[in-house]
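One structure is given below, encoded as structure tokens.
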Amino acid sequence: MINSSGTNQCLPCPNGSGNSSAPISPLDASQCNQCQPNYYMISQYSGSSAAQCSPCPGGSGNTGPTVQGDVSQCNTCQANYYMTYNSIPGASPVPAQCSQCQNGSGNISGVSSPGNQSQCNTCQANYYMISQSAGSSAAQCSPCPGGSGNTGPTVQGDVSQCNTCQANYYMTKNSIPGASPVPAQCSQCQNGSGNISGASSPGNQSQCNVCQANYYMTSSSIGASAAQCSQCPNGTGNSLGSNTPGNTWQCTTCQINYYMFSAAVPGTTPAQCLQCPNGSGNTIGPTIQGDVSQCNICQTNYYMTAVAITGSSPQSSQCLKCTNGSGNTSGATSVGIKFCNICLPNYYMTAASTLNASAQCQSCPYGTANINGSQIPGDASSCSSCSVNFYMIQSSTPPSGSSPGVQAQCSQCPSGSGNSSGPTIIGDQSQCDICQQAYFMTAAAVVSSQTPAKCSPCPTGVSISSLPSTSTTQTIASCNQCLINYYLTAANTSSAAAQCLVCPTGSGTSSPITTVGDISQCNICIANYYMISPAMTRTSSGSSPSAAQCSACPSYSSINSSSLIGQISQCVCYDSNANPISTTQNFCACKNGFQGLVASYQGAPTGCKQCPAGTFSFQGSPCQTCAQGSALSADQGSCTCYDQSNGTSQWNPTTNVCQCQANYFGDPSKATAGATGSCQPCPSGTVSQAGTAKTANDCLQQITVSSTSQNQLTFYYLILITFFNFY
């Protein structure tokens, strides 16, 4: 298309639509004439509109249809899913029924015909293969420990298959195959430094030679030292990080779901960015200066009530949270509650979304689950698996004739035992065959006696870096890392657990800590806190380390957890009709011209109602007409007295009156636009209270009392008080 400046502009095809070749001439969305892979086509492109496409549900997929169809176009399974039933075209079309490969197993390109879990015949990247798929069972895979990784093995092996380091780790030792296999020894790059693809051979921190996305570089890696990196401030960022030294001006973009109100100045200052309000967002962080209208979509699980508005009074997309377990896979780009068209995981659908209603969803009964939620109407029988850390005593029963379906029957695992995925078949307590993260295993589960794993708790704040096997017992020394929002003060030993302390209020960690450090490991602010200053590591001069300094957002506002320095203005009120929070407005209140109380939780409908024309409201106060002698402001938040000359009191919303100041007489309520001199000083020797004197005669004679007379009056007053107290 051609933008307002007359130059060609490329826009992403909306809602899963696409094309097979890049357009070379300007036109409109009709150039998006087919659907992208893993979408099905509801209707073909028409006029200036793109093809209407909807995402394939439940892990089903395809190569991208070019003709109109229905959900049965989703006739394969996506990578790392296996197929249980083919798609069914016809009057009641059904997509291929696919289930996600479990526990790190997978496949390279999905499948196109029904089978079972044995279709999950490889391990995903950064897992190693304990045993190959066999019979109806998937390959048995376990996560690579400690930041080690690989590209995903296709044959049976051991932990030495974890022979590289994952991105943003550096390698200290190679993996060792053999009778006592050892994975590659990897350590995480610190303070925003990183690398593109991890490391494949031993080295040191100099392998952390770039800065990660949304960091800028202050100095290159030198000798055995990593690159020195600092966080981009206040929602600014960059898509690729930095590989050369610079300063904050390397932060030239805004992060996703922020908008840019000022561009970066090369060599001087970063871009200036603010968080999109109330669930609005964007698909990519803005790269050019704009305004809040850059927040032109609704984020996942929100629906749109009004589109973004550009121009002199810009407005973001108006978004509300999908309710009652409904949601969507990719947010919304146009208006309508119909985009709340799926049920989230662990909900089942009783009715599909319509033009005026979201999908109707019910929570799976306690302990039951469905991994993918629901995309089509059904009943509780779709809750056919158990939640993680439950075992199954009865499978679900599908509906039959007039008999409704029944969900699986599940019971909770005992005493810290659990499982890595909720069971999908009938079993017993032996399905509780591992210990939960903050527990270590003292005895394995026994199928023959139907007993669960025996588990003991790690100390407070301490956990285990990887889930234990189902057979290998452990000791307290296995408690080797800190839970999120704790920092590590001492490593585990052969006979003792690691030691962890909780981060100070509002600060935290983005992932479990596995290396010994100090309070500076608390380097982010958790949700609903904004960062005043970053964490500081101990310096060579001996200055003490410190956690990130975080301050709570005002009541009824929120902010996502962040590793970036911020300010109170990044806290966004839940209510879309509230005043933006700033250094001068540090609480949530309805914006000018709206009365009521702001929404008290995320996704709640607005509590601020617009005042009728010709009335004002200040910070949610009841709507009122302006006092006589005053005019309404443009934002309906205040009034201004026509006469503002000497002696006239300044208008305020509490009194809503135009009157003279104390010791003046007159009546500015009768003034008209441009009038002056409505209030005159009281004659010499007379006084008045504010607003009481309309004429000079209303000014009262000032009474002067000498000090002697004051003392006499005080004496007589005390005598009278004594007299009345006596009687």
Of the residues in region 452-509, how many are assigned to a loop (DSSP other than H, G, I, E, B) and either aliphatic (A, V, I, L, M) or under 28 Å from G104 (Cα atoms) (or both)?
27
So, S533, is that one small (G, A, S) and closer than 23 Å to Q299 by Cβ or not?
no
Tally the residues that are touching a residue at least 12 places away in the same chain (Cβ under 8 Å) and in contact with a Ser or Thr (Cβ under 7 Å, 6 or more places away or on another chain), restricting the search to region 615-625.
5
List the number of the failed condition for G331; all other conditions in (1) buried (at least 18 other Cβ atoms within 10 Å of the Cβ); (2) at pLDDT below 90 hold.
(2)
Checking A91 against (1) at pLDDT 90 or above; (2) of a type in the set (A, V, I, L, M, F, W, C); (3) closer than 24 Å to Y128 by Cα, the condition it does not meet
(3)
Of S561, S551, the only residue that is closer than 23 Å to Q299 by Cα, surrounded by fewer than 23 Cβ atoms within 10 Å (Cβ to Cβ) and among the hydroxyl-bearing types (S, T, Y) is S561
Within region 620-631, is even one residue out of contact with any strand residue (DSSP E or B) (no Cβ under 9 Å at 6 or more places or on another chain), farther than 21 Å from S576 by Cα and of a type in the set (S, T, N, Q)?
yes
Which number in (1) touching a Ser or Thr at 6+ places or on another chain (Cβ under 8 Å); (2) at pLDDT 95 or above; (3) not hydrophobic (A, V, I, L, M, F, W, C) marks the one condition that S688 misses?
(1)
Of the candidates Q636, Q628, Q650, the one satisfying the condition of being without any contact (Cβ under 8 Å) to a residue 60 or more places away in the chain, assigned to a loop (DSSP other than H, G, I, E, B) and crowded, with 18+ Cβ neighbours inside 10 Å is Q636
I'd like to check something: does region 326-343 contain any residue that is under 30 Å from S400 (Cβ atoms) and of a type in the set (A, V, I, L, M, F, W, C)?
yes
All-but-one check, C479 against (1) crowded, with 20+ Cβ neighbours inside 10 Å; (2) touching a Cys at 6+ places or on another chain (Cβ under 7 Å); (3) more than 17 Å from P145 (Cα to Cα), failing number (3)
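This table checks each residue for (1) among the polar types (S, T, N, Q); (2) in contact with a strand residue (DSSP E or B) (Cβ under 8 Å, 6 or more places away or on another chain); (3) surrounded by 15 or more Cβ atoms within 10 Å (Cβ to Cβ).
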| residue | (1), (2), (3) |
| --- | --- |
| P26 | no, yes, no |
| S30 | yes, yes, yes |
| N33 | yes, yes, yes |
| S43 | yes, yes, no |
| S49 | yes, no, yes |
| G59 | no, yes, yes |
| G69 | no, yes, yes |
| T76 | yes, yes, yes |
State whether one or more residues within region 564-581 are part of a strand (DSSP E or B) and either in contact with a helix residue (DSSP H, G or I) (Cβ under 6 Å, 6 or more places away or on another chain) or under 24 Å from N485 (Cα atoms) (or both).
yes
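Residue-by-condition table, conditions (1) under 28 Å from Q567 (Cα atoms); (2) at pLDDT 95 or above; (3) of a type outside the set (V, I, T):
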position	(1), (2), (3)
N592	yes, no, yes
A604	yes, no, yes
G607	yes, no, yes
F616	no, yes, yes
C623	no, yes, yes
D635	yes, no, yes
Y642	no, yes, yes
T648	no, yes, no
Filtering region 75-92 down to residues that are among the hydrophobic types (A, V, I, L, M, F, W, C) and part of a loop (DSSP other than H, G, I, E, B), which residue is nearest to Q119 (Cα to Cα)?
A79
The residue that is farthest from Q275 (Cα to Cα), considering only those in region 309-333 that are hydrophobic (A, V, I, L, M, F, W, C) and touching a Cys at 6+ places or on another chain (Cβ under 6 Å), is C322
Out of the residues in region 159-172 that are surrounded by 19 or more Cβ atoms within 10 Å (Cβ to Cβ) and either assigned by TED's automatic domain parsing to the domain that holds I108 or in a loop (DSSP other than H, G, I, E, B) (or both), which is nearest to the chain's Cα centre (by Cα)?
N168
Report the residue count in region 580-614 for those that are crowded, with 17+ Cβ neighbours inside 10 Å and without any contact (Cβ under 8 Å) to a residue 24 or more places away in the chain.
1
From the list S72, S113, exactly one residue is over 29 Å from A167 (Cβ atoms), in a loop (DSSP other than H, G, I, E, B) and either among the hydroxyl-bearing types (S, T, Y) or touching a Gly at 6+ places or on another chain (Cβ under 6 Å) (or both). Which is it?
S113
Those residues of region 251-262 that are farther than 9 Å from P286 by Cα and surrounded by fewer than 18 Cβ atoms within 10 Å (Cβ to Cβ) come to a total of 2
Expected single match for within 36 Å of the chain's Cα centre (by Cα) and among the small types (G, A, S) among S448, S402, S421 is S421
For region 521-541, does any single residue satisfy the condition of being surrounded by fewer than 16 Cβ atoms within 10 Å (Cβ to Cβ), under 29 Å from Y127 (Cα atoms) and touching a residue at least 24 places away in the same chain (Cβ under 8 Å)?
no
If we keep only residues of region 220-236 that are farther than 19 Å from Q190 by Cβ and buried (at least 23 other Cβ atoms within 10 Å of the Cβ), then the residue modelled with the lowest pLDDT is N234
Among the residues of region 85-98, write down those that are among the hydroxyl-bearing types (S, T, Y) and exposed (fewer than 15 other Cβ atoms within 10 Å of the Cβ).
Y85, S92
Pick from region 503-513, criterion surrounded by fewer than 19 Cβ atoms within 10 Å (Cβ to Cβ) and over 16 Å from Q549 (Cβ atoms), ranking: nearest to the chain's Cα centre (by Cα):
S510
Given the condition aliphatic (A, V, I, L, M), buried (at least 16 other Cβ atoms within 10 Å of the Cβ) and either within 25 Å of S384 (Cβ to Cβ) or in contact with a Leu (Cβ under 6 Å, 6 or more places away or on another chain) (or both), answer yes or no: does some residue in region 307-325 qualify?
no
Restricting the search to region 188-212, which residues are crowded, with 19+ Cβ neighbours inside 10 Å and of a type in the set (S, T, Y)?
S193
Just to check your reading of the model, which residue among C364, C386 is closer than 14 Å to I426 by Cα and either within 26 Å of the chain's Cα centre (by Cα) or of a type outside the set (A, V, I, L, M) (or both)?
C386
Going by the conditions given, is T218 β-branched (V, I, T), under 18 Å from N243 (Cα atoms) and not in a loop (DSSP other than H, G, I, E, B)?
yes
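The values are calculated or read from the model by the stated rules, or taken from the named source; none is laboratory data. The structure displayed is predicted, hence computed values, not measured ones. No Cβ is skipped: glycine too gets one built from the backbone with ideal geometry, and neighbour counts run over all protein chains shown.
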